[in-house]
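S.K.: The structure that follows is given in the form of structure tokens.
The values are calculated or read from the model by the stated rules, or taken from the named source; none is laboratory data. Treat the numbers as computed from the prediction; the structure is a model and nothing was measured. Here the Cβ is made from the backbone with ideal geometry for all residues, glycine too, and neighbour counts use every protein chain on show. Ligands, DNA and RNA are stripped out before the accessible areas are found, and what is left, the full protein with its side chains, is counted by its heavy atoms. Shrake-Rupley method; radii C 1.70, N 1.55, O 1.52, S 1.80 Å.
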Amino acid sequence: MEAKQNIQDISTIENLIKKEYISLWTKTKEDPFRIELSENLYLTTNELIIIDPDLHVVDTSIPTRVAKYDTILPLWAAPWENVLEGGIKEVYDLKVAYNNDWALVTFDATGKMLFTNNEHMSIFRNVTQLWVKTLEGWRIKHEHVSDGQQAKN
């Protein structure tokens, strides 16, 4: 029975990343950026830690490591005002190391963005996340995003 629960939990995390995570970090003309979707993925407590160099690129006064959901939320939302459409389009090389009430997840993400000034940007990110099982379901407690390059075969 435990093995079946493990498979279900891993599948739940994979589905959250492939659907909810991509949906959160993508904006289309028909579907605007909605930061409130982050509540379905991230801990909404002071325990949340995000390490992301993009925070510093958007505003050099912002450190690349930020803690607390309420502090992170406006930092995440602000740059999307300058995005017409785009974001993460694909997640691949998804790996989940599972241990009952937590999981270590790694994946690569790619996409493209079109900004309000008509500039385009390709996205390639390496992502590492620590997910924890809560009463509300699986949530990201720690996320480390770094700029990446696709492997050359």
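S.K.: May I ask you to say which residue of 14, 47 is touching a Leu at 6+ places or on another chain (Cβ under 9 Å) and under 16 Å from residue 129 (Cα atoms)?
M.R.: Among 14, 47, only 14 is touching a Leu at 6+ places or on another chain (Cβ under 9 Å) and under 16 Å from residue 129 (Cα atoms).
S.K.: Follow-up. What do you reckon, is residue 104 closer than 26 Å to residue 121 by Cβ and in contact (Cβ under 8 Å) with a residue 12 or more places away in the chain? It would help to see each step written out before you state the result.
M.R.: Working: closer than 26 Å to residue 121 by Cβ: no; in contact (Cβ under 8 Å) with a residue 12 or more places away in the chain: yes.
Taking the combined requirement at face value, the residue does not satisfy it.
S.K.: Would the range 139-149 turn up any residue that is hydrophobic (A, V, I, L, M, F, W, C), open to solvent by 40 Å² or more (accessible area, probe 1.4 Å) and either under 20 Å from residue 37 (Cα atoms) or out of contact with any strand residue (DSSP E or B) (no Cβ under 9 Å at 6 or more places or on another chain) (or both)?
M.R.: The answer is no, given that none of the residues of the range 139-149 is hydrophobic (A, V, I, L, M, F, W, C), open to solvent by 40 Å² or more (accessible area, probe 1.4 Å) and either under 20 Å from residue 37 (Cα atoms) or out of contact with any strand residue (DSSP E or B) (no Cβ under 9 Å at 6 or more places or on another chain) (or both).
S.K.: For the range 101-116, name all the residues that are touching a helix residue (DSSP H, G or I) at 6+ places or on another chain (Cβ under 6 Å) and closer than 19 Å to residue 32 by Cα.
M.R.: Result: 115, 116.
S.K.: Here is a follow-up. How do the pairs read when you match residues in the range 21-35 that are touching a residue at least 60 places away in the same chain (Cβ under 8 Å) with residues anywhere that are outside any loop (DSSP other than H, G, I, E, B) and open to solvent by 50 Å² or more (accessible area, probe 1.4 Å), using Cβ under 9 Å and keeping only pairs 6 or more apart or on different chains?
M.R.: Pairs that qualify, where the first residue is touching a residue at least 60 places away in the same chain (Cβ under 8 Å) and the partner is outside any loop (DSSP other than H, G, I, E, B) and open to solvent by 50 Å² or more (accessible area, probe 1.4 Å), are 22/89; 22/90; 26/85; 26/89; 27/84; 27/85.
S.K.: Give the residues of the range 121-134 that are open to solvent by 80 Å² or more (accessible area, probe 1.4 Å) and modelled with pLDDT of 95 or more, sorted by residue number. Please lay out each step first, then the result.
M.R.: Filtering the range 121-134 for residues open to solvent by 80 Å² or more (accessible area, probe 1.4 Å) gives 122, 133.
Answer for the range 121-134, where residues must be open to solvent by 80 Å² or more (accessible area, probe 1.4 Å) and modelled with pLDDT of 95 or more: just 133.
S.K.: Right, next: For the condition of a type outside the set (Phe, Trp, Tyr) and within 15 Å of the chain's Cα centre (by Cα), what is the one hit in 27, 4, 68?
M.R.: Working: 4 fails: within 15 Å of the chain's Cα centre (by Cα); 68 fails: within 15 Å of the chain's Cα centre (by Cα).
Among 27, 4, 68, only 27 is of a type outside the set (Phe, Trp, Tyr) and within 15 Å of the chain's Cα centre (by Cα).
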